[in-house]
Amino acid sequence: MQAAIHVPNINWIECTNNIVFVNGIDQTSPSVYSIPPNVIEKIIVEGTRTVIQSMTWHGMQEFQVEPNLGFVHTERDLTYVELALCGHMVPQFQ
């Protein structure tokens, strides 16, 4: 494989040969337990809708028309855009 992709025949290491963890053991909890729940809590669509529907601006509370998935809605100088099946890289995902 190395010859096929023109890679020198050497011993590769990912990062270092040195021990980087205390006693050589990674004692951190897996990121899956902290990162996804934290992201979900911050960007969940229903949470965003709830905040908007609780806000008062230009003398009225909430949108007068409730947004739906895949919805673009402008009301009283506030535009809400919601796209299904995409994350922070909207142009790539949709």
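Summary table below
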quantity	calculated
Fluctuation leader among 25, 44, 35 - the chain, Gaussian network, Cα springs under 10 angstrom	25
For the chain, built as a Gaussian network whose Cα springs stay under 10 Å, the top-fluctuating residue of 23, 38, 11	11
Per-residue ³J(HN,Hα) for segment 45-61, Karplus 6.51 cos²θ - 1.76 cosθ + 1.60, θ = phi - 60°, Hz, x for Gly and Pro	4, 4, x, 4, 4, 4, 4, 4, 6, 9, 7, 10, 8, 6, x, 9, 9
Sparse-neighbourhood loop sites, chymotrypsin sites (Phe, Trp or Tyr not before Pro) in segment 1-59 - DSSP loop, at most 13 other Cβ within 10 angstrom	12, 21
Of the GluC sites (Glu not before Pro) in segment 1-56, those whose Cβ has at most 10 other Cβ within 10 Å and which sit in DSSP loop	14
Student exercise, segment 22-93 dipole from Lys, Arg, Asp, Glu Cβ charges, in Debye to nearest 20	80 debye
In nm, spacing of pseudo-spin labels at residue 7 and residue 26 (7 Å Cα→C-beta vector)	2.0 nm
For Cα extents along the principal axes in Å, calculated from these coordinates, the label among (1) 44, 32, 27; (2) 54, 28, 25; (3) 68, 39, 18	(3)
Environment charge at residue 53 (Cβ cut-off 15 Å; Lys +1, Arg +1, Asp -1, Glu -1)	-3
Cβ-Cβ FRET estimate between residue 79 and residue 33, R0 fixed at 30 Å, reported to 0.05	0.25
Candidates 61, 27, 53, ranked by Gaussian network fluctuation over the chain, Cα under 10 Å, top entry	27
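Read-outs: derived from the displayed coordinates by stated rules, not from any lab. The structure presented is a predicted model; accordingly, all values stated were derived computationally and were not measured. Backbone-built Cβ (ideal geometry, glycine too); neighbour counts: all protein chains shown.
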